[in-house]
Amino acid sequence: MLSFLSRAFRRRLPLALTLCAALALPPVSPAMAQRGISVVRDAEIEALVYDYARPVLEAAGLGRSGIEIVLVNDPSFNAFVAGRRIFINTGALLMAETPNEIIGVLAHEAGHIAGGHQQRLREQLSRAQTMAVIATLLGAGAAAAGAATGTGGLAQGGAGIATSGAEIARRSLMAYQRTEEMTADRSAITYLERTGQSARGMLATFERLGRSMALAGVRVDPYQISHPMPRERIANLETLARASRYFERADPPALQQRHDLMRAKIAAYTQGHAAARRIFGRDQRGAAALYADAIGTMLSGNARSALPKIDALVKAAPQNPYFHEMRGEALIKAGRPAEAAQAFATALRHDPRKSGIIQIGYGQALLATGKPDQVRKAVEALKSGLSRAKDYAAGYRYLAQAYGQLGDVGEAELATAEGHYHSGKIRDARIFAARAQQKLPKGTPSWTRAQDIINARQSGR
Ligand SMILES: [Zn+2]
């Protein structure tokens, strides 16, 4: 289940958004300007990127638990690590043919962090809200210039642009110094060496980005602007990479398989059925091509036709939690909620990370049965899932429905308030929190939570 979350950041970041759209800097892809920025939540992709990141971050001495993966729905290539959050565009994941390419980029980013590069900006970003970081750095890059000059928090980021102009913004955007790039490359090589991995993917990625930079008329990916890739740097990197005894080492086949499945999923969700099939044109009978086909079929509104395709995937890999999750989603769409709940329960059993997203799917299926005892179980599953995936707006809708079916209007209003709150719609959140308070017993934890939402400032969480 891959979900797109759009937030009402327009209200929170009016300057950044308006100015960037007006300036039309290269980092703002046209698609994003039209659609607005959205975050993607998906248990499978988040788990995979986490598995990519953890060893290199540990090798860099940055291995803290609770790394948060933020997937940005944008077709361009970009990735950034801030504090405990790793931001990465779906476009970067889709472009990378091997896990090693993404692992290499993450190792390079870890090198910037360990080297203390752009420390001040990073500190601001580690405190900032997720959507603010995306709007400034990954989505609407120009706003970062204001933040980088240290004139204040990210909220003032856009204001800096207004006076400094597009060209200055472009030049000062997260721009690492040439020496910093060299240092980060060297550090990345060290981390990859310590983890027994090749630097070939990092080299391939930077070569590709460097080439497209040199071509006139090719859209420039935001990553290239923040990480300049002159020819001498690539040449140095190549020398270092080839010196490693791991240079020829390929990713473990199981990891490559997960990578292919991820690309299949991203392609099916963001580019459609046909595009997803094209990626795996050489191997239409492999699991990734079948996965893309199954998802494409389901998304085209034909859940019943998708089910036998998903069943075949499950049969071939019964331990894969995400095939069961996908089966649950298709079963809900096919109007078979009881079986869907079983599928999600199986997915959870096989998911080592116990993803909140899958728990919410389980709750959604239980709710859809409409049976009071199942709906009560749905409330528990949804609350548990939302505690692990707080920004998953659809989860609050299901929770509100579940409470509504059980006749608990106060809790239903509070769940709606939470949904608005975590979507950044603070004004709506306050309205529903006030309505919840009228129904909830005074002084209870829910009543107190409603009061917190009522007291919330427009800008923050
Ligand atoms: Zn760099």
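Exactly one residue among G395, G443 is out of contact with any His (no Cβ under 7 Å at 6 or more places or on another chain) and under 26 Å from I358 (Cα atoms), and that residue is G395.
Checking the stretch 123-130 against the condition returns no match, with no residue being outside any helix (DSSP H, G or I), within 16 Å of the ligand (Cβ to nearest atom) and either touching a helix residue (DSSP H, G or I) at 6+ places or on another chain (Cβ under 7 Å) or within 24 Å of A254 (Cβ to Cβ) (or both).
Out of P352, P318, which single residue is touching a Pro at 6+ places or on another chain (Cβ under 9 Å) and in a loop (DSSP other than H, G, I, E, B)?
P352
Let me confirm something: among V70, V56, which residue is open to solvent by less than 20 Å² (accessible area, probe 1.4 Å), within 13 Å of the chain's Cα centre (by Cα) and in contact (Cβ under 8 Å) with a residue 60 or more places away in the chain?
On inspection, the qualifying residue turns out to be V70.
A single member of S198, S187 is more than 15 Å from the ligand (Cβ to nearest atom), at pLDDT 95 or above and more than 21 Å from T90 (Cα to Cα), and it is S198.
Residues that are at pLDDT below 95 and under 28 Å from the mean Cα position of the chain (by Cα): list the helices (runs of 4 or more DSSP H) wholly contained in the stretch 216-295 that include at least 1 such residues.
Counting at least 1 such residues, we get 222-226, 253-271, 273-279.
Please go through the stretch 88-116 and pick out each residue that is outside any helix (DSSP H, G or I), in contact (Cβ under 8 Å) with a residue 40 or more places away in the chain and within 14 Å of the ligand (Cβ to nearest atom). Correct list: G115 only.
The values are calculated or read from the model by the stated rules, or taken from the named source; none is laboratory data. Predicted model, so just to flag it, every value in this text is computed and none were measured. Heads up, the Cβs are rebuilt from the backbone with ideal geometry, glycines too, and the neighbour counts pull from every protein chain shown. The protein model used for the area step is the full one, side chains on, heavy atoms only, and it has no ligands, DNA or RNA in it. Shrake-Rupley method; radii C 1.70, N 1.55, O 1.52, S 1.80 Å.
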